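**Q** I am attaching a structure below and will ask some questions about it afterwards.
The values are calculated or read from the model by the stated rules, or taken from the named source; none is laboratory data. Quick caveat, the model's predicted, so the values are computed rather than measured. Here the Cβ is made from the backbone with ideal geometry for all residues, glycine too, and neighbour counts use every protein chain on show.
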Amino acid sequence: MKKKADETTGQVSRRDFIKTSAAASLAAMGAGTNRIFAAGSGKIRIALIGCGGRGNGALKNCTEAGKHIGREIEVVAVADWFKSKAEKTGESHGVPKRRCFSGADAYEKLLRTNADVVLMATSPNFRPVHFEAAIKAGKNVFMEKPVAVDPPGARRVIKAGELAKRKGLAVVAGTQRRHQAKYLQTKYAVERGAIGKIRGGCIWWCGRIPWIHRRKPEYTDADYLVDNWLNFVEMSGDHIVEQHLHNLDVANWFIGHPPIRAIGFGGRARRETGNQYDLFSIQYDYADDLHIHSMCRQVSNCWNRVAEHFVGSRGSTFGDGSSMESRKNVDVPDFPEHGGPYVQEHIDLLNSILEGKPLNETRNVAESTMTAIMGRISAYTGQAIRWSDVAENEKSQWYNFTLKPTAEDFETGNAVAPPDDVIPIPGSPYKPRR
Ligand SMILES: NC(=O)c1ccc[n+]([C@@H]2O[C@H](COP(=O)([O-])OP(=O)(O)OC[C@H]3O[C@@H](n4cnc5c(N)ncnc54)[C@H](O)[C@@H]3O)[C@@H](O)[C@H]2O)c1
């Protein structure tokens, strides 16, 4: 793949543009109801819901993005389920204690502050409720993936994303490969025929279980689920949704649409808490004779790979462009990536607001979340699951399939923890033949 400098990325003109704060403010004011940064100081006010590992990381990334575009970032509020976590993050960013909110309704209090941009990094089961409320409150959003754990949740996010569009609000998702230069270059080349038409491929997230948190004596059921969310399907969607989503997102992005059907299986043998599977193997049917094999596993000391590989009619490539075999030379421009994709996604978010051309990545991330949910349902049940079952056909048993406890159950104090180590068994019970 040959690279050359290209001005079609518009980097230079964009940077020049945003340095002119008056012009930027005017542009922002022109963007429907989005009046971000129009007020005097030029500071960009941000707030965070979910003060864990990624949330604290996202605050740093957004602050770094602010430096890059020449804008001061002020953290005006933080929210977490646990008071100690909200206050710890608040303290490190100079947020007064009165704006360090905690508990199930912390997000609502945070949304009443004057934050221009709200970052969301709780477990994904809360995202549909928090995202919808943020858009209704007129906030621009950076939201971590995945954005739901069940089909109604994913559809609710899509609907709120449409409202964001009408309100002129920007939404960027934590599917950072879409802001990573190597992926953008590969996508650019593939779109222009570098490997011909994509005919098939494999995607992987094979690694270890990231972590488990055991129940503490003082925990309520809700506390335990919030703390050990990564191991309960009701909170995370299972690791095909929580982690492998990144690779499924690349497949949907490169192919141009979500699959029409998922058929797969999975199992659990090693996990010590929660109710997730250890592994999934899913065949995704993208129609037109195109199948993608998806494989994800969280078991230590096995062969590992995190990648996407596509085979086309005239060549093949990994999603990041490595090992590309191409029979067509495509001139590929440089794409900006300052501070890595985790910073670049915030630069892209803020620039889009300043330019009055708000990015809206809601549908992409929600469809990738739905793709992963389809695969999980297929593995859990042993059935073939169609896109129409989860996205379109109200009569399908999966259309309104909702995992419980719901986000609302946490707010009403009705969150009951499912038992550890009880999992779905696909198919009908085994009946020995005589
Ligand atoms: N894009 C990426 O590469 C990437 C990497 C890691 C994590 N993530 C995503 O980021 C999200 C958070 O992951 P993490 O690793 O930071 O988890 P974490 O457990 O470290 O943090 C989650 C935080 O959210 C808080 N929280 C949970 N429910 C809440 C609620 N209702 N209101 C307020 N606070 C609440 C928890 O107390 C915790 O502090 C997940 O969706 C995860 O998939 C994305």
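**Q** Looking at this structure, is residue 244 within 12 Å of the ligand (Cβ to nearest atom) and either over 23 Å from residue 176 (Cβ atoms) or among the hydrophobic types (A, V, I, L, M, F, W, C) (or both)?
**A** For residue 244, the condition - within 12 Å of the ligand (Cβ to nearest atom) and either over 23 Å from residue 176 (Cβ atoms) or among the hydrophobic types (A, V, I, L, M, F, W, C) (or both) - is not met.
**Q** What's the number of the condition residue 89 fails, among (1) surrounded by 24 or more Cβ atoms within 10 Å (Cβ to Cβ); (2) more than 8 Å from the ligand (Cβ to nearest atom)?
**A** The one condition residue 89 does not meet is (1).
Conditions tested, residue by residue: (1) under 27 Å from the mean Cα position of the chain (by Cα); (2) within 23 Å of residue 284 (Cα to Cα).
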{"residue": "297", "(1), (2)": "yes, yes"}
{"residue": "302", "(1), (2)": "yes, no"}
{"residue": "305", "(1), (2)": "yes, yes"}
{"residue": "313", "(1), (2)": "no, yes"}
{"residue": "318", "(1), (2)": "yes, yes"}
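**Q** Let me ask another. Can we say residue 112 is at pLDDT 95 or above, closer than 29 Å to residue 355 by Cα, assigned by TED's automatic domain parsing to the domain that holds residue 55 and more than 9 Å from the ligand (Cβ to nearest atom)?
**A** Answer is yes for this residue.
**Q** Quick check on my filter: what residues within segment 88-104 are farther than 29 Å from residue 243 by Cβ and touching a residue at least 12 places away in the same chain (Cβ under 8 Å)?
**A** 94, 95, 99, 100
**Q** Of all the residues that make up segment 91-104, how many are in a helix (DSSP H, G or I) and within 24 Å of the chain's Cα centre (by Cα)?
**A** Number of matching residues: 0.
**Q** Could I ask something else about it? List every residue pair whose Cβ atoms sit under 7 Å apart, with the two residues 6 or more apart in sequence or on different chains, where the first one lies in segment 417-434 and is of a type outside the set (Val, Ile, Thr) and the second, anywhere, is in a loop (DSSP other than H, G, I, E, B) and surrounded by 14 or more Cβ atoms within 10 Å (Cβ to Cβ).
**A** So the pair list comes out as 418/232; 418/275; 420/273; 420/274; 420/275; 421/275; 426/382; 427/382.
**Q** Here's another thing I want to ask about it. Based on what the data block shows, is residue 195 within 16 Å of the ligand (Cβ to nearest atom), assigned to a loop (DSSP other than H, G, I, E, B) and more than 17 Å from residue 249 (Cβ to Cβ)?
**A** When the stated conditions are applied, residue 195 does not pass them.
**Q** Hey, does segment 200-210 have a residue that's assigned to a helix (DSSP H, G or I) and aromatic (Phe, Trp, Tyr)?
**A** no
**Q** Could you tell me how many of the residues in segment 161-184 are touching a Lys or Arg at 6+ places or on another chain (Cβ under 8 Å), surrounded by 20 or more Cβ atoms within 10 Å (Cβ to Cβ) and outside any loop (DSSP other than H, G, I, E, B)?
**A** Here the count works out to 4.
**Q** Could you list, in sequence order, all residues of segment 327-375 that are part of a loop (DSSP other than H, G, I, E, B) and within 26 Å of residue 125 (Cα to Cα)?
**A** 358, 359, 361, listed by residue number.
**Q** Given the residues 281, 300, which is the only one that is small (Gly, Ala, Ser) and either within 16 Å of the ligand (Cβ to nearest atom) or exposed (fewer than 15 other Cβ atoms within 10 Å of the Cβ) (or both)?
**A** 300
**Q** Specify the residue that is farthest from residue 121 (Cα to Cα); the eligible residues are those in segment 64-75 that are in contact (Cβ under 8 Å) with a residue 12 or more places away in the chain and away from the ligand (no atom under 16 Å from the Cβ).
**A** Going through the qualifying residues, I end up with 70.
**Q** For segment 134-143, check the following and say yes or no: at least one residue is within 21 Å of residue 242 (Cα to Cα), within 13 Å of the ligand (Cβ to nearest atom) and surrounded by 24 or more Cβ atoms within 10 Å (Cβ to Cβ).
**A** Taking every residue of segment 134-143 in turn, at least one turns out to be within 21 Å of residue 242 (Cα to Cα), within 13 Å of the ligand (Cβ to nearest atom) and surrounded by 24 or more Cβ atoms within 10 Å (Cβ to Cβ).
**Q** Could you figure out which of (1) assigned to a strand (DSSP E or B); (2) in the same structural domain as residue 288 (by TED's automatic domain parsing) isn't true of residue 213?
**A** (1)
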